[in-house]
Each structure stands twice: as C-alpha cells, then as structure tokens.
Amino acid sequence: MPAENGKILAVSSVSKRFGGLLALDSVSFEVQRGEIFSVIGPNGAGKTTLFSCLVGTYPPTSGSVRFRGEELKGLRNDQVVARGLVRTHQIVKPFRDMTVADNIRVGVLYGRLRLRGAKARERVDEMLSRTQLGHRAQVKAGVLSIGELKRLEIARALATGPDVLCLDEVMGGLNPAEIQQAMVLVRALRDSGLTILMIEHHVHAVAGLSDRLVVLNFGKKIAEGRPGEALRDPAVVAAYLGDETKEEARA
Ligand SMILES: Nc1ncnc2c1ncn2[C@@H]1O[C@H](COP(=O)(O)OP(=O)(O)O)[C@@H](O)[C@H]1O
Ligand SMILES: [Mg+2]
C-alpha cells in the first residue's frame with residue numbers, strides 16, 4: 001500500500017437509469033490515494049457507465065461522487081478533468097487523422113495543465129516515451145495497432161495531468177506480451193504518484209495489480225475487498241469468473 005494515504009474518491013449510492021434499465025443500482029465505495037483499485041464484472045454489469053458517471057460524461061440519476069471532498073455531480077467532463085480526474089475510453093477515441101504527438105498535445109493544451117510552448121513540447125515527449133510511442137510520434141493515429149491505440153488512449157489521458165486515472169479495459173484485445181507491458185506501465189504510473197481505477201477483464205492482471213476491487217453484476221456491487229478474497233467469493237465466481245472462463249474458451 002502507498003505511503004501517502006487518505007481517501008481521494010468517495011462514491012455514494014450512485015445509480016444510473018437509462019429509460020427502463022437500471023444500469024447502476026446504488027453503488028458505493030471509496031478509493032484511497034495511491035491505490036490501484038479495480039472494477040470488474042461481466043459484460044453489461046455497468047462498469048463503463050460507472051466511469052462515465054464519475055467523470056461527468058453524464059450525471060448519475062442519483063447519488064454522490066466526491067473527489068477530495070468536493071461534489072462532482074453536475075460538473076461537465078472538462079470541469080472534472082480540470083480537477084484531476086480523467087478516464088480512458090474502452091472504445092478508443094483518437095483523432096484518427098491527427099498524428100500521435102498531436103493527439104497527445106490536445107490533452108497537454110486543453111487538460112488540467114494547459115501548458116504552452118517548450119513546456120508543452122516537453123510534456124508531449126514525456127508522454128510518448130512513458131507509453132513507448134516515441135517511434136510513432138509522427139504517424140496518423142488511424143494507422144496504429146490496437147496495442148498502440150490503447151497506449152495512445154493512456155497517453156492522451158495522462159497528458160492532461162490527472163491525480164486519478166480511470167482505465168477502461170486498456171488491456172482488451174492485447175496479446176500476452178502486451179498485457180505484461182501494460183501491467184508494468186500501470187504499476188509505474190501508480191509508483192509515480194497516481195491513483196488508478198481500472199476496469200479489466202484479464203483476471204491475472206486484476207489479481208496481480210489491484211490493491212482492492214469491487215465486483216459489479218447487473219449494476220449492483222456484489223463484492224469488495226482485496227483480490228485474494230474478493231475473487232474467491234462464491235457470488236463472484238458464479239457471476240464473473242464463470243463468464244470469464246466462457247470467454248477464454250471462445251477465444
Ligand atoms: N448510453 C446508454 N444508453 C442506454 N443504455 C446504455 C447506455 N450505456 C450503457 N447502457 C446499458 O447499460 C448497461 C451497462 O453497460 P456498460 O456500463 O457499458 O457495461 P460494462 O462496461 O460493464 O460492460 C448495459 O445493459 C448497456 O446496454
Ligand atoms: Mg465497458
């Protein structure tokens with residue numbers, strides 16, 4: 001566990017309704033500064049919806065999201081980013097006709113740091129190097145491989161200067177070597193002082209990286225704890241690991 005402790009994010013009774021569907025049903029948990037905190041659960045459990053409610057993509061139908069004690073509910077995404085909470089997208093969203101470096105520059109110019117000139121260039125270079133995209137800096141994002149696109153998604157979010165980085169399935173579609181590389185990156189990000197929220201399907205990555213996790217199923221939190229305990233919970237095995245085993249069998 002990190003040396004500098006203390007609650008950074010408090011999610012309280014967050015619900016999200018899409019018409020007749022209750023995608024999130026009164027979900028509560030707290031994240032400590034410096035944690036790697038995972039959100040897992042089968043497809044459709046409400047994980048991405050949870051991230052969207054945290055960062056102001058849309059507001060929760062009810063409940064509260066407090067970041068360093070400040071209520072975020074009602075703030076727009078850019079206002080949340082300016083406070084230091086940012087997410088990546090499960091379906092990667094680069095500007096495909098712009099270069100990799102320019103994609104990252106958008107986060108540097110318009111995120112929390114709003115750097116200009118030499119400082120902006122330095123930060124773009126730093127993000128390229130941290131995500132091992134330096135050799136791809138001047139190619140259009142549209143030609144990147146899925147592994148590179150996932151790293152660009154992280155670089156763009158990181159470029160904004162967050163304290164809390166929410167990663168939505170950044171290991172999805174990667175091969176085992178790339179997953180290993182992504183795990184090293186996530187650990188390095190945490191060690192550099194970030195707090196990480198991570199939606200992930202790869203159980204060994206979740207088990208290997210997470211300090212704690214919550215498990216969602218049909219919008220409800222069904223388990224919470226350290227991975228060694230939570231992943232063995234019978235309700236989790238039934239809901240999630242069964243699903244994962246089936247996915248691996250199909251793959
Ligand atoms: N914008 C939306 N409008 C309507 N239904 C949505 C929307 N986003 C997600 N849903 C539904 O909410 C549920 C949870 O989706 P999602 O949060 O994407 O799940 P997960 O990320 O856990 O796979 C699903 O049934 C999905 O179809
Ligand atoms: Mg999702």
Within segment 1-36, how many residues turn out to be more than 16 Å from ligand 1 (Cβ to nearest atom) and hydrophobic (A, V, I, L, M, F, W, C)? 7
Given the condition under 16 Å from residue 89 (Cβ atoms), within 16 Å of ligand 1 (Cβ to nearest atom), touching a strand residue (DSSP E or B) at 6+ places or on another chain (Cβ under 6 Å) and part of a strand (DSSP E or B), answer yes or no: does some residue in segment 152-165 qualify? no
With the condition kept exactly as written, say whether any residue in segment 220-230 is assigned to a loop (DSSP other than H, G, I, E, B) and out of contact with any Phe, Trp or Tyr (no Cβ under 9 Å at 6 or more places or on another chain). yes
Name the residues in segment 43-89 that are in contact with a helix residue (DSSP H, G or I) (Cβ under 7 Å, 6 or more places away or on another chain), closer than 25 Å to residue 193 by Cα and among the aromatic types (Phe, Trp, Tyr), would you? 67
Which listed residue, of 178, 169, is more than 30 Å from residue 116 (Cβ to Cβ) and touching a strand residue (DSSP E or B) at 6+ places or on another chain (Cβ under 6 Å): 169
Here is a check on your reading of the model: is residue 57 of a type outside the set (A, V, I, L, M), within 16 Å of ligand 1 (Cβ to nearest atom), buried (at least 19 other Cβ atoms within 10 Å of the Cβ) and at pLDDT 95 or above? no
Of everything in segment 60-99 that's of a type in the set (D, E, K, R) and assigned to a helix (DSSP H, G or I), which residue is surrounded by the most Cβ atoms within 10 Å (Cβ to Cβ)? 83
Subset of segment 178-202, residues more than 16 Å from ligand 2 (Cβ to nearest atom), crowded, with 16+ Cβ neighbours inside 10 Å and aliphatic (A, V, I, L, M), comes to 179, 182, 183, 185, 186, 189, 194, 196
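The values are calculated or read from the model by the stated rules, or taken from the named source; none is laboratory data. Since we're looking at a predicted model, the values are computed, not measured. Positions of Cβ are generated from backbone atoms using ideal geometry, with glycine treated the same way; all protein chains shown enter the neighbour counts.
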